[in-house]
Amino acid sequence: MNTDKGLDKKRVGVAILLLIWIMASLYFGGFVLAAFIGIFIFIGTQEFINIMRSKGINPPFYFIIFADFSLILLAFFRLYTLLFGTVVFFAGIAFLLILFRGKDAKINDLAMTILALFYTGVFPIHVVMIRNMDSSSFSILGQDYDIGIGLVVLMFLCVAACDIGAYYCGKLWGKRPLWKEISPKKTVEGSTGGILASIIIAVIIGYFIGLDVITSVITGILVSIFAQLGDLAESMIKREAGIKDSGTVFPGHGGVLDRSDSYILTSVAGYYYYKYFVINDISAVFSVAMF
């Protein structure tokens, strides 16, 4: 019996179902997307806490979940001006929670609590914030859509293209390690293939949502770079903990963090790039200010 083929079929099946779930959530947006992100945040936080506990570090799980879900609600209701103050508030509460452990208080527990607050909460909610962008629209087959759905789908497909391009280019031509100390299997050739694949998808999708070629190319480069950095960041965490996968939620794929690591940093970079350079065109503002 060829178990490798069985595993490959399972991986493909899970990947297809996950892609359908993701695209449906992005399409409907609103509560559906917020709930989707909430599920990933809950499981991802659980995986992160389990990894930390394996190293003798004990962040408060339920506090982090409460804080993360509070941030999801703010993003859902578009109360973005409250986000910074809310994060600062929860960071202060985290400090007090660890402090009141008395002799069991450890600085590592506090540090990992703050990291979890950002890594599994603040960063992922930017997906909701991108989807909520509605300052302009585009049309496909006579149907109008808010620019947010186009931009968030663009980001997700670029990340997927980057992962696929990096995997196959690395497998076929990979020779030089990209970052041997963090992830020995990743190569410069694979990374380059991922960037090129992301650019190609960005130009294609960008055409349909009304982006110019330069903006699309920059999007492809930016997304692919941060996707790979996010992957490397999670590899660093798993390497430190001495584990292969963050969890077992997705057969053949590992845990939620294994599947979403490429999106965590990308969603943040994508949101601020879209907001200041695509939607508001800050470069034009600078030009006016200079002349």
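The values are calculated or read from the model by the stated rules, or taken from the named source; none is laboratory data. Small disclaimer: the values here were computed from a predicted structure and weren't measured. So basically every Cβ, Gly included, is an ideal-geometry build from the backbone, and we count neighbours across all protein chains shown.
Quick look at the values:
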quantity	calculated
Boolean, M133 is in a loop (DSSP other than H, G, I, E, B), more than 30 Å from N58 (Cα to Cα) and at pLDDT 90 or above	yes
Those residues of segment 25-58 which are in contact with a Phe, Trp or Tyr (Cβ under 8 Å, 6 or more places away or on another chain), surrounded by fewer than 17 Cβ atoms within 10 Å (Cβ to Cβ) and not hydrophobic (A, V, I, L, M, F, W, C), in sequence order	G30
Test for G190: is it farther than 30 Å from K55 by Cα and in contact with a Lys or Arg (Cβ under 8 Å, 6 or more places away or on another chain)	yes
Residue in segment 204-217 that is farthest from G174 (Cα to Cα), counting only those that are of a type in the set (V, I, T) and buried (at least 17 other Cβ atoms within 10 Å of the Cβ)	I209
Test: W173 is among the aromatic types (F, W, Y), touching a Leu at 6+ places or on another chain (Cβ under 8 Å) and surrounded by fewer than 20 Cβ atoms within 10 Å (Cβ to Cβ)	no
Residues located in segment 146-165, provided they are small (G, A, S) and closer than 15 Å to R259 by Cα	A160, A161
Matching residues in segment 159-185 - criterion: being assigned to a strand (DSSP E or B) and not polar (S, T, N, Q)	P177, L178, W179, P184, K185
Scan of segment 55-89 for residues that are hydrophobic (A, V, I, L, M, F, W, C), farther than 18 Å from G44 by Cβ and not in a helix (DSSP H, G or I), ordered by number	F77, L79
Residue ID - modelled with the lowest pLDDT, chosen from residues in segment 141-168 that are closer than 23 Å to A197 by Cβ and surrounded by fewer than 21 Cβ atoms within 10 Å (Cβ to Cβ)	Y167
Of residues in segment 246-276 being modelled with pLDDT of 80 or more and either part of a strand (DSSP E or B) or among the basic types (K, R) (or both), the one farthest from the chain's Cα centre (by Cα)	K275
Flag for I22 being surrounded by fewer than 13 Cβ atoms within 10 Å (Cβ to Cβ), at pLDDT below 90 and of a type in the set (V, I, T)	no
Boolean, F36 is modelled with pLDDT of 95 or more and not aliphatic (A, V, I, L, M)	no
Count of segment 97-130 residues which are assigned to a helix (DSSP H, G or I), surrounded by 13 or more Cβ atoms within 10 Å (Cβ to Cβ) and not small (G, A, S)	19
Extreme residue, farthest from S136 (Cα to Cα), among residues of segment 186-215 that are touching a residue at least 60 places away in the same chain (Cβ under 8 Å) and assigned to a helix (DSSP H, G or I)	T215
